[in-house]
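Working notes, beginning with the structure itself.
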Number of protein chains: 2
Amino acid sequence: PDTDARARTEAREPTLTKPAGSLGRLEELACWLATWQGRHPPALDRIRCVVFAGNHGVATRGVSVYPPEVTHQMVANFQAGGAAVNQLCRANGADLAVIPLDLDRPTAPFDEAPAMTEAEVLEALNAGLTLDLSGVDALIVGEMGIGNTTAAAALSQALFGGTAVDWVGRGTGLDDNGLARKRAVVSAAIARHGDALRDPLEALRRVGGRELAAMAGGALAARHARVPVFMDGFICSAALAVWQAMDSHGLDHCLAAHVSMEPGHQRLLAALGKRPLMTLDMRLGEGSGALTCLGLLRSAVACHVGMATFAEAGVTDKDPA
Amino acid sequence: PDTDARARTEAREPTLTKPAGSLGRLEELACWLATWQGRHPPALDRIRCVVFAGNHGVATRGVSVYPPEVTHQMVANFQAGGAAVNQLCRANGADLAVIPLDLDRPTAPFDEAPAMTEAEVLEALNAGLTLDLSGVDALIVGEMGIGNTTAAAALSQALFGGTAVDWVGRGTGLDDNGLARKRAVVSAAIARHGDALRDPLEALRRVGGRELAAMAGGALAARHARVPVFMDGFICSAALAVWQAMDSHGLDHCLAAHVSMEPGHQRLLAALGKRPLMTLDMRLGEGSGALTCLGLLRSAVACHVGMATFAEAGVTDKDPA
């Protein structure tokens, strides 16, 4: 954190022509952005959205209403410009990169075996760690992967305890039988891997997935590059939670853009101590929730940077300095 | 409401390449916009923000931490481009008009007399009714007026009952003594005008203000021009509530963009049956909350209009038609 940039934001804010605090969270956001971009004023001109895609062995366990080939089909849809993420990037001024991760080689079904070998999880982490973030003002990491809410639920339980009932939801639309199967898979995974899950990175390897590891890698790369991260939904938040499980300040550069309808997400954000910016009943992934918040984030920057001060505008302050 | 445009939105939505319902409120918004713009697809290219300013006789009663001349000063700030509303219009792609309403002639202090004569309230309503809305896709009405949360509280109590404690908040930052004075002024006004407040338009005349009447006029003009309205905070919502008090569907073309920190706003939105899109702890007025939501609203349109269908993208649907 850049305490000098933070101090300069805090000094400017009360001079602007509005009642103190009247922009609410917009004021906090301007300060947080300056702190984690390491500069004053903050800027949000160039936003990069990276969508990682992966396939999951557990998708064969009846935990999704969609067949696994949809991961591949949706990647083609991203590349052709037809998905929600494409429209949201265009409408909100973000550039998009799509990175499929070994789609023809799903992870192992993690109720039976570790999802990834050590080499595999490192390769996936590296897909995020090596993102080119030069000139980028903020990063959004999104995902696509049939079965990945099951991985997010298992990883959340591994990192924060509780039971499968706490973390498992209906994902893309499971019925009651599907929900029961998904809970059983997560419970079996937690039992199968036992104490090995106490190490957050080992939990990521054993019950995560390639796109989760890549998102975690991206968030770490962003920290080092002084690029704030706007977190998307449950899967993104579960992946990034690995860093907070290792260090209580590990996600201080990450903002919860929204809280999704997937019930585990609300619990997860509470565990992370993060208050989401928006509650829009979304549950799509692809970075969609974070992209939808960009106008609001740019509004925060625009007010902090562009407003006149009381002195400049000749407006009488409540308590003139 | 255009039920044909609504039906066409509802027919397209489930064909798009995402799990049904996964865009949550964005899906509802696309449908609501089509219904009240009377066309499919809906569009949000041209957004007009109109800020009305007025002065209030009750401002002499110690109900604000700012002196009344700040209304005039802030209008100059709007015209010079230095206020929050200017930055938010620029950042979110809205055009701005500022309409000062007889600033040198404050309304009468409404704890003693009707705020406006019949001629005055009609003139103020007309400032909104005569807005040029041709080519406009959505309207935001904002306000500036030292003392106007007192008017909004009195009008809310007149329309929806309760007590001054329910509706009166700290506005731009009153201390406990100021809050007590403001409550007393509102209680005195309600007692003074008595049964005359049962008629919503008469309540607007007696305890409202010019900018409130103008905002109400603007919302009515928008209804007739098939222009949806994005409602801002407490003062805007109280002004527009006049139409719902007269007709339970009178604000169906208006959306609650946000809920402000002013405690009466939450109560008012509940009385209006409106769920706000965002909770950002804002309490500035000027249309600021509604402008901050524009990115989200454009996201809804972009997804509905631009996404590929399952058939177009060759993606396997959960339940192929």
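Read-outs: derived from the displayed coordinates by stated rules, not from any lab. Please read all numbers here as calculations on a predicted model, not as lab measurements. Quick reminder, even Gly has a Cβ in these numbers, built from the backbone with ideal geometry, and neighbours come from all protein chains shown.
Give the residue that is farthest from B:G21 (Cα to Cα), with candidates limited to residues of the range A:122-153 that are of a type in the set (A, V, I, L, M, F, W, C) and over 17 Å from the mean Cα position of the chain (by Cα). Quick ask: steps written out before the conclusion?
Going residue by residue through the range A:122-153, those that are of a type in the set (A, V, I, L, M, F, W, C) are A:122, A:124-125, A:127, A:129, A:131, A:133, A:136, A:138-141, A:144, A:146, A:151-153.
Checking the rest, the ones that are also over 17 Å from the mean Cα position of the chain (by Cα) come to A:122, A:146.
Details: A:L122: 35, A:I146: 17 Å.
Filtering first and then ranking leaves A:L122.
Being outside any loop (DSSP other than H, G, I, E, B), in contact with a Pro (Cβ under 6 Å, 6 or more places away or on another chain) and touching a residue at least 60 places away in the same chain (Cβ under 8 Å) narrows it down to one residue among A:L33, A:L88; which is it?
Exactly one of A:L33, A:L88 is outside any loop (DSSP other than H, G, I, E, B), in contact with a Pro (Cβ under 6 Å, 6 or more places away or on another chain) and touching a residue at least 60 places away in the same chain (Cβ under 8 Å), namely A:L33.
Of all residues in the range A:263-321, how many are closer than 30 Å to A:T150 by Cα, in contact (Cβ under 8 Å) with a residue 24 or more places away in the chain and among the basic types (K, R)?
Selection size over the range A:263-321: 3.
Determine whether the range B:255-269 contains at least one residue that is surrounded by fewer than 24 Cβ atoms within 10 Å (Cβ to Cβ) and within 8 Å of chain A (Cβ to nearest Cβ).
Yes, the range B:255-269 has at least one match.
Does A:V305 satisfy being hydrophobic (A, V, I, L, M, F, W, C), within 30 Å of B:G82 (Cα to Cα) and at the interface with chain B (Cβ under 7 Å from one of its Cβ atoms)?
no
Across the range A:34-60, what is the total count of residues that are touching a helix residue (DSSP H, G or I) at 6+ places or on another chain (Cβ under 7 Å), within 14 Å of chain B (Cβ to nearest Cβ) and either buried (at least 18 other Cβ atoms within 10 Å of the Cβ) or under 17 Å from A:C293 (Cα atoms) (or both)?
Looking only at that region, the number is 7.
Could you pull out the residue among B:V63, B:V98, B:V70 that is farther than 23 Å from B:A153 by Cα and β-branched (V, I, T)? Steps first, answer last, please.
Working: B:V63 fails: farther than 23 Å from B:A153 by Cα; B:V70 fails: farther than 23 Å from B:A153 by Cα.
The conditions single out B:V98.
Quick test of your reading of the structure: A:D247 fulfils all but one of (1) under 26 Å from B:R275 (Cα atoms); (2) more than 8 Å from every other protein chain (Cβ to nearest Cβ). Name the failing condition by number.
Failed condition: (1).
Would you call B:P67 more than 23 Å from the chain's Cα centre (by Cα), under 30 Å from B:D102 (Cβ atoms) and within 14 Å of another protein chain (Cβ to nearest Cβ)?
When the stated conditions are applied, B:P67 passes them.
Determine whether A:V207 is closer than 28 Å to A:D2 by Cβ and away from chain B (no Cβ under 14 Å). Spell out the reasoning first.
Details: closer than 28 Å to A:D2 by Cβ: no; away from chain B (no Cβ under 14 Å): yes.
When the stated conditions are applied, A:V207 does not pass them.
For the range A:308-319: of the residues being more than 7 Å from every other protein chain (Cβ to nearest Cβ) and not in a helix (DSSP H, G or I), which is surrounded by the fewest Cβ atoms within 10 Å (Cβ to Cβ)?
A:D319
Any residue at all in the range A:166-188 that's of a type in the set (D, E) and either touching a strand residue (DSSP E or B) at 6+ places or on another chain (Cβ under 6 Å) or under 19 Å from A:N55 (Cα atoms) (or both)?
no
Just one of (1) farther than 15 Å from A:G285 by Cβ; (2) away from every other protein chain (no Cβ under 14 Å); (3) outside any loop (DSSP other than H, G, I, E, B); (4) of a type in the set (G, A, S) trips up A:G178, so point out which.
Evaluating A:G178 over (1) farther than 15 Å from A:G285 by Cβ; (2) away from every other protein chain (no Cβ under 14 Å); (3) outside any loop (DSSP other than H, G, I, E, B); (4) of a type in the set (G, A, S) leaves (2) as the failure.
Just to be sure I understand, how many residues within the range A:1-27 are within 14 Å of chain B (Cβ to nearest Cβ) and in contact (Cβ under 8 Å) with a residue 12 or more places away in the chain?
Here the count works out to 12.
Pull up the range A:270-299, narrow it to residues that are surrounded by 24 or more Cβ atoms within 10 Å (Cβ to Cβ) and small (G, A, S), then point me to the one that is nearest to the other protein chains (Cβ to nearest Cβ).
A:G295
From (1) within 13 Å of chain B (Cβ to nearest Cβ); (2) in a loop (DSSP other than H, G, I, E, B); (3) of a type in the set (A, V, I, L, M); (4) within 22 Å of A:L131 (Cα to Cα), pick out the condition that doesn't hold for A:A76.
(2)
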